[in-house]
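Quick one: the structure is below, questions incoming.
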Amino acid sequence: MFIFRPVLGIFVALLLVLSLVLANLLQMTTLLVWPFSRSAFRAANRGIAWAWNTFLHLCVERILGVEVKQTGDPLPMAENGVVFANHQSMADIPMLAILASRHGRAGDLKWFAKAAIKWVPGVGWGMQFLNCLFVKRNWTADKDQISATFAQIREQKIPFWVVSFLEGTRATPEKIRRSQAYAQKAGLPQLTRVLLPRTKGFEATLEGLGANVQAIFDVTIAYEGEAPSLLRFLCTDIRRVHLKVERYEKLPEGVENWVIERFVEKDKALARFQQGGLL
């Protein structure tokens, strides 16, 4: 298996890239119906996204044989939600896509992503058709565009899982040290396995989507051993990834403090898990 897995991983990577190119081409054809029916345009792109994310799910669990073990709260099917998770690796993205696929939202993922990704062939081009949110990490610059997207989702009753990595970037040892230094100055908890979350965008998301949000999903992602790069995830013998999901319908007043508390709990859970305990 050690010899075979790199070949299998490269094969799966090629399949995913080729299928993504095909998905982009199909998405471009939907522009033909845009002037005549916005609902048909959205339905077609939702179907394309559902097909690709379902294929991704199949590749990870059936072809690569990675078990994505889910614990925590049961999630209703096809529920509109705001999802936030810890971020260690690009492999986190297919993990959340698999979670969405399991719960009827494979076609409805709306990712917060860096503005530069918008122009990346394949992933970025595809996201532009799906009401994803491209941000520059400057709230003044991002606010109008984000508000317009949320208004469109609200008014047109577009199904969604809006996904955000509230740390803003992947947690690395150096970034954790910088986050701890900031937390010390600000009188906030110093975390050791996750970064201090940025809460402004999360609060704006809840406000912008309003009553359309049926639940908030807090996802903790844990890898057995070191968090892998996407290439290592595909090409080495990784057997199991753990997802702990906690579902909330109502949040207390003081959302900023609540989010920070959730990341304190993530930090403790990851420490416990890395010492051989339960997530």
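We did not get these values from a lab; they are worked out from the coordinates using the rules stated. Computed from a predicted model, the values in this text were never measured in an experiment. Cβ placement follows ideal geometry from the backbone for every residue including glycine, while neighbour counts extend to all protein chains displayed.
Mind ranking 194-200, 65-71 by how tightly packed they are, going by the mean number of other C-beta atoms within 10 angstrom, highest first?
Per-residue Cβ counts within 10 Å, averaged per peptide and sorted highest first, yield 194-200, 65-71.
Over the C-alpha atoms of segment 99-238, what are the Rg and the largest Cα-to-Cα span, Dmax, in Å?
For segment 99-238, the Cα-based Rg and Dmax read 16.7, 46 Å.
Here's something else I'd like to know. Mind listing P(r) for segment 64-125? All alpha-carbon pairs, 10 Å bins, whole percents.
In whole percents, the pair-distance histogram is 16, 50, 29, 5.
While we're looking at this one, here's another question. Who wins for biggest fluctuation among Ile63, Ile260, Ile98 in a Gaussian network model of the chain, springs between alpha carbons below 10 Å?
Of Ile63, Ile260, Ile98, the most mobile in the Gaussian network model is Ile63.
Something else about it: Please report the net charge: other residues with Cβ closer than 14 Å to the Cβ of Ala97, K and R +1, D and E -1.
Local charge sum for Ala97: 0.
A further question follows. At a 10 Å Cβ-Cβ cut-off, how would you order Arg272, Arg62, fewest neighbours first?
Starting with the residue having the fewest Cβ neighbours, the order is Arg62, Arg272.
Could you sort the peptides 233-241, 205-213 by per-residue average Cβ neighbour count (10 Å cutoff), highest mean leading?
Result, highest mean first: 233-241, 205-213.
Rounded to the nearest 500, what is the chain's calculated 222 nm mean residue ellipticity when only DSSP H runs of at least 4 contribute -39500 (n - 2.57) each, over all residues?
Here the helix-only value at 222 nm equals -15500 deg cm²/dmol.
Let me ask you something else. How would Ser229, Ser101 line up from fewest to most surrounding beta-carbon atoms within 10 angstrom?
Ser229, Ser101
Is segment 209-279 rounded, prolate or oblate when judged by the Cα gyration tensor, a ≥ b ≥ c being the square roots of its eigenvalues, rounded requiring a/c under 1.5 and prolate requiring a/b larger than b/c?
Judged from the Cα gyration tensor, segment 209-279 comes out prolate (a/c at least 1.5, a/b above b/c).
Taking Cα centroids, how far is segment 239-277 from segment 160-225 in Å?
10 Å
Expressed as a whole percent, how much of the Cα-Cα distance distribution for the chain exceeds 34 Å?
Result for the distance tail: 18 percent.
Nothing charged except the Cβ atoms of Lys and Arg (+1) and of Asp and Glu (-1): what's the magnitude of the dipole of the chain about its Cα centre? Round to the nearest 20 debye.
460 debye
Leaving out same-chain residues fewer than 8 places away, which aspartates and glutamates sit with a Cα under 16 Å from that of Lys200?
Within the straight-line cut-off, Lys200 pairs with Asp142, Asp144, Glu167, Glu253, Glu256, Glu261.
Less than 12 Å Cβ to Cβ from Leu230, Lys/Arg counted +1 and Asp/Glu -1: what total charge do the surrounding residues give?
Result for the neighbourhood of Leu230: +1.
Another question about this same structure. Which of the peptides 166-177, 79-90 is most tightly packed, and how do the rest follow, going by the mean number of other Cβ atoms within 10 Å of each residue?
Result, highest mean Cβ count within 10 Å first: 79-90, 166-177.
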